[in-house]
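Shown next, in structure tokens, is the structure this report addresses.
The values are calculated or read from the model by the stated rules, or taken from the named source; none is laboratory data. These figures come from a predicted structure and were not determined experimentally. Quick reminder, even Gly has a Cβ in these numbers, built from the backbone with ideal geometry, and neighbours come from all protein chains shown. The protein model used for the area step is the full one, side chains on, heavy atoms only, and it has no ligands, DNA or RNA in it. Shrake-Rupley method; radii C 1.70, N 1.55, O 1.52, S 1.80 Å.
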Amino acid sequence: MRRTWWIYLIGLLGLIAVAAPFLWMVLGSFKTQGELLRVPPTWWPDQPTTQNYDDLFSKANFPRYFLNSGLVALAVTAGNLIFCSMIGYALAKLRFKGRNALFVLVMATLMIPGMVTFVPLFVLVTNAGLANSYPGLILPFLVSPFGVFLMRQFFLGLPDDLMDAGRVDGTSELGIFARIMLPLTRPALATLGILTFLGSWNNFLWPLVIAQTEDKYTLPVALALYSTGQNAQNYGLLMAGAVVVVVPVLVIFLAFQRHVTKGIAITGLK
């Protein structure tokens, strides 16, 4: 214990460095504009107020932005859970010509930077008439190479005897997948769902170029655009908006962190 005290000290300093900006943001959202500009700055609000949050949800259309972010994130997460599990199952358990080549192609897409496909994807979505629409925000992200890889690796660790037993009982291939194999992948599904939801909720660049009217803005886009112009100096309002963006995903991650670590650990052993 005496020899490892410095490890705990470094960890504590790292925790403080990571948590201090977030704590400052949360506390600052309850301060007045004058207190935020005070020199030297204060940590705890002298006169806590919720005026910043009142302005955020009354003057700005943040309830709409919140709904848009939730709708897009939930739809993208549901799509990844369905399609990535189906593709992963096919690549792991079904025998067909070109299976290994298809998996190599999926893995190759992981090495392609997103910016390389960004413009072609934008042109494709625009030509399809999906710009400034919910399908345009959702459809390009319904399947991810990482999700396919994660589910395939988990399915590889499940015994084929379960599938054989289902076939002997007369269960269809779809039934074997949905009723026998898929329920056993709950740790991997939880991991994929949480990571996908966090990524979609925080996605900024794609909604920025696809959403062309305010009624389609997501929270990160609205907050970024709201931080310019006449509201650029309203730091309390901006901090309140940042808290609204960060807190939901933080709560979800902390609530399901055990499933994330378990799913990744189990998948890594396959």
Leading residue by the ranking (farthest from Arg186 (Cα to Cα)) among those in segment 84-108 that are of a type in the set (Val, Ile, Thr) and surrounded by 13 or more Cβ atoms within 10 Å (Cβ to Cβ): Val106
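Might you check whether a residue that is crowded, with 20+ Cβ neighbours inside 10 Å and out of contact with any Gly (no Cβ under 8 Å at 6 or more places or on another chain) occurs anywhere in segment 154-166?
Step one: of segment 154-166, the residues crowded, with 20+ Cβ neighbours inside 10 Å are 154-155.
Filter again for out of contact with any Gly (no Cβ under 8 Å at 6 or more places or on another chain), leaving none.
No.
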Using the structure shown, decide if Gly236 is at pLDDT below 85 and loosely packed, with under 13 Cβ neighbours inside 10 Å. no
Report, by residue number, each residue of segment 62-83 that is farther than 30 Å from Pro145 by Cβ and surrounded by 17 or more Cβ atoms within 10 Å (Cβ to Cβ). Phe62
Which one of these does Val39 not meet: (1) open to solvent by 90 Å² or more (accessible area, probe 1.4 Å); (2) touching a residue at least 24 places away in the same chain (Cβ under 8 Å); (3) not acidic (Asp, Glu)? (2)
Select from segment 25-72 the residues that are closer than 30 Å to Thr196 by Cα and of a type in the set (Phe, Trp, Tyr) and list them in ascending order. Tyr53, Phe57, Phe62, Tyr65, Phe66
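Does segment 58-73 include one or more residues that are charged (D, E, K, R) and without any contact (Cβ under 8 Å) to a residue 12 or more places away in the chain?
Start the filter on segment 58-73 by keeping residues that are charged (D, E, K, R), which leaves 59, 64.
From what is left, the residues that are without any contact (Cβ under 8 Å) to a residue 12 or more places away in the chain are 59.
Within segment 58-73, one or more residues are charged (D, E, K, R) and without any contact (Cβ under 8 Å) to a residue 12 or more places away in the chain.
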Filter segment 109-129 for residues that are in contact (Cβ under 8 Å) with a residue 12 or more places away in the chain and either of a type in the set (A, V, I, L, M) or under 24 Å from Glu214 (Cα atoms) (or both); the one that is surrounded by the most Cβ atoms within 10 Å (Cβ to Cβ) is Val125
